[in-house]
1. Do we have ARG109 as within 17 Å of TYR6 (Cα to Cα), open to solvent by 70 Å² or more (accessible area, probe 1.4 Å) and either not in a strand (DSSP E or B) or not β-branched (Val, Ile, Thr) (or both) here?
2. Quick one: would you say GLU88 is open to solvent by 50 Å² or more (accessible area, probe 1.4 Å), charged (D, E, K, R) and modelled with pLDDT under 85?
3. When GLU81 is evaluated against the numbered criteria (1) out of contact with any helix residue (DSSP H, G or I) (no Cβ under 8 Å at 6 or more places or on another chain); (2) modelled with pLDDT of 90 or more; (3) acidic (Asp, Glu), which criterion, by number, is the only one it fails?
4. Please go through the range 10-65 and give me each residue that is in a loop (DSSP other than H, G, I, E, B), at pLDDT 90 or above and at negative phi, ordered by number.
5. Can you confirm whether ARG123 is assigned to a strand (DSSP E or B), open to solvent by 50 Å² or more (accessible area, probe 1.4 Å) and over 15 Å from ASP12 (Cβ atoms)?
6. With the requirement that a residue be touching an Asp or Glu at 6+ places or on another chain (Cβ under 9 Å), more than 13 Å from ASP41 (Cβ to Cβ) and surrounded by fewer than 17 Cβ atoms within 10 Å (Cβ to Cβ), what does the range 130-145 give you?
7. For the range 73-97, which residues satisfy the criterion of being part of a helix (DSSP H, G or I) and within 26 Å of SER5 (Cβ to Cβ)?
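The values are calculated or read from the model by the stated rules, or taken from the named source; none is laboratory data. Keep in mind the model is a prediction, meaning the values are calculated, not measured. No Cβ is skipped: glycine too gets one built from the backbone with ideal geometry, and neighbour counts run over all protein chains shown. We work out accessible area using only protein heavy atoms, side chains counted, and drop any ligands, DNA or RNA first. Shrake-Rupley method; radii C 1.70, N 1.55, O 1.52, S 1.80 Å.
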Amino acid sequence: MSLKSYKPKSDDETQVVSMMMRISKGMEIKSMETLLQPYADDVYIGNFHKYIGVSTPGAPTRASKLELAQAYLQLFKSTKELSMDITEFHLTVSGDRAVATGRLEILYRIEAAKKEARSDYIRADVTWRLKRTPLGWKIVEEVYQ
């Protein structure tokens, strides 16, 4: 089941799903503000370098919210079109904590030689840990498998 077709079973699930949908919306409209809204300021991003950003042998295995923003900004600048979906989505809410898992699929198109568009995918299994805050649900941990 994809995030877009997920049927929430409670108000908390509805809020979590709505918040997570902002990530794909921010990606599609290339809005850093919308894309980063679901993330807590002290979010931990694990294994991010393997999928987006500079992937070198010495690259760190974690990223901060600022580093996340920088990586997505580079992706925004280097692509003509972006779309994102989360498939195989599962969500568990327990009190003021939630855990979501799914397969993140990002399709991006760039201009190739002679103005031919080239497409590619980034696919990764991801676990999101969320916490209810005074500002609503926020992602406090995002780990790429």
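1. The answer is no for ARG109.
2. Considered against the rule, which asks whether it is open to solvent by 50 Å² or more (accessible area, probe 1.4 Å), charged (D, E, K, R) and modelled with pLDDT under 85, GLU88 comes out as no.
3. (2)
4. Hits for the range 10-65 are SER10, ILE29, SER31, GLN37, PRO38.
5. Answer is yes for this residue.
6. The answer is ARG132, GLN145.
7. LEU75
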